[in-house]
Amino acid sequence: MTLVLPPRLTASAASVRAAAERRGLATVVLPSFAVPPGLRARHLHAGPSFADAVAPALGIAALQAPGDWLATLPRAHTGREITLMPLARAHALRRPVFVKSPNDKSIPARVYPDGSRLPGLDAFAPETEVLVSDIVAFSAEYRLHVLDGAVHTGSQYAEDGRPRRGPLPPAALAFAADLLAERGHTLPSAIVVDIGPTGGRWAVIEANAAWASGIYAGDPDRALDVVLRAARPLSAVDARDRPFVRTVPGRGGRR
């Protein structure tokens, strides 16, 4: 089996690559987004733009959460109001909001003073979907690599908005267990979920594709388990995960 990686490796990606090689997998770091003739690979670990360029050519299915997943969660799980809406509607908002793209970084994720500060409709189609949420502050942030509805590994990655790595506390694991018991069926079998405490309660921050997510202080070997499931040959994807296969933007289907 071969794992494909992008031209520039983060420290996290280098850890995943080392874990793959310890396991006996071949790894290939491509010099560009072009797929060399004759390359055969079954998995990838990279950002969305690289995946969109490379995965279809290699027959790799990249799993991701539904674009509206955060917006469908009950407030008991999010601690805030979250709505999926077209960019044109978000432009009309006249209050401070946090806005992000559902499954990539095309719309920068940050607080906007109002909708007029969002990227213009000359750069994005008016129907481009964005997640709009109330503004909250997380006192700490934790990343969970989830496999088959359970936390496989995880790590703290921030405290009061600043980078900080550390283990998962029991409270994070308890919240994750409850969340996944109730909502795990709405996610692919391999995914990353970020959570943290806000306003005295635990809440979901967002879900991310495991093939595009850093591992921070998580166990690289266990994170690799999740990555390999999250981006694997389309022929190996079962009925349970088929609805979560990412479609390249512009080719139809869910983004």
Residues of region 167-189 that turn out to be under 19 Å from the mean Cα position of the chain (by Cα) and not hydrophobic (A, V, I, L, M, F, W, C), as a count: 6
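Please go through region 1-18 and pick out each residue that is among the basic types (Lys, Arg) and outside any loop (DSSP other than H, G, I, E, B).
If the condition is that a residue be among the basic types (Lys, Arg) and outside any loop (DSSP other than H, G, I, E, B), then Arg17 is the only one that fits.
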Could you check Arg89 against (1) surrounded by 13 or more Cβ atoms within 10 Å (Cβ to Cβ); (2) within 19 Å of the chain's Cα centre (by Cα) and say which number it fails? (2)
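Checking the structure you have, find out if any residue of region 99-108 is part of a strand (DSSP E or B), in contact with an Asp or Glu (Cβ under 6 Å, 6 or more places away or on another chain) and within 24 Å of Ala210 (Cβ to Cβ). Write out each step before concluding.
Step one: of region 99-108, the residues part of a strand (DSSP E or B) are 99-100.
After this cut, where a residue has to be in contact with an Asp or Glu (Cβ under 6 Å, 6 or more places away or on another chain) as well, the list is none.
No.
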Residue, surrounded by the fewest Cβ atoms within 10 Å (Cβ to Cβ), within region 33-55, restricted to residues that are free of Cβ contacts under 8 Å to residues at least 40 places away in the same chain and within 20 Å of Lys105 (Cβ to Cβ): Phe33
Residue list for region 42-54, restricted to those being part of a helix (DSSP H, G or I) and of a type in the set (A, V, I, L, M): Ala51, Ala53, Val54
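Has region 55-67 got any residue that is under 28 Å from Ser139 (Cα atoms), in contact with a strand residue (DSSP E or B) (Cβ under 7 Å, 6 or more places away or on another chain) and not in a helix (DSSP H, G or I)?
Of all residues in region 55-67, those under 28 Å from Ser139 (Cα atoms) come to 64-67.
Next cut, in contact with a strand residue (DSSP E or B) (Cβ under 7 Å, 6 or more places away or on another chain) only: 65, 67.
Applying the additional criterion that residues be not in a helix (DSSP H, G or I) yields 65, 67.
Among the residues of region 55-67, at least one is under 28 Å from Ser139 (Cα atoms), in contact with a strand residue (DSSP E or B) (Cβ under 7 Å, 6 or more places away or on another chain) and not in a helix (DSSP H, G or I), which makes the answer yes.
Whether any residue in region 70-82 is closer than 17 Å to Val227 by Cα and surrounded by 15 or more Cβ atoms within 10 Å (Cβ to Cβ) is what I want to check. Reasoning before the result, please.
Taking region 70-82 first, the residues closer than 17 Å to Val227 by Cα are none.
The answer is no, given that none of the residues of region 70-82 is closer than 17 Å to Val227 by Cα and surrounded by 15 or more Cβ atoms within 10 Å (Cβ to Cβ).
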Yes or no: region 5-15 includes at least one residue that is under 17 Å from Ala223 (Cβ atoms), loosely packed, with under 14 Cβ neighbours inside 10 Å, hydrophobic (A, V, I, L, M, F, W, C) and at pLDDT 95 or above. yes
Search result, residues across region 19-32 that are assigned to a loop (DSSP other than H, G, I, E, B), surrounded by fewer than 16 Cβ atoms within 10 Å (Cβ to Cβ) and touching a residue at least 12 places away in the same chain (Cβ under 8 Å): Arg23, Pro31, Ser32
Could you please tell me which pairs satisfy a Cβ distance under 7 Å, a separation of 6+ or placement on different chains, a first residue in region 153-178 that is touching a residue at least 40 places away in the same chain (Cβ under 8 Å), and a second residue that is of a type in the set (A, V, I, L, M, F, W, C) and part of a strand (DSSP E or B)? Gly154/Leu144; Gln156/Ala140
I'd like to check which strands (runs of 3 or more DSSP E) are fully inside region 121-233 and have at least 3 residues that are acidic (Asp, Glu), at pLDDT 95 or above and closer than 29 Å to Val97 by Cβ. none
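The values are calculated or read from the model by the stated rules, or taken from the named source; none is laboratory data. Quantities reported herein were computed from a predicted structural model and do not represent experimental measurements. Backbone-built Cβ (ideal geometry, glycine too); neighbour counts: all protein chains shown.
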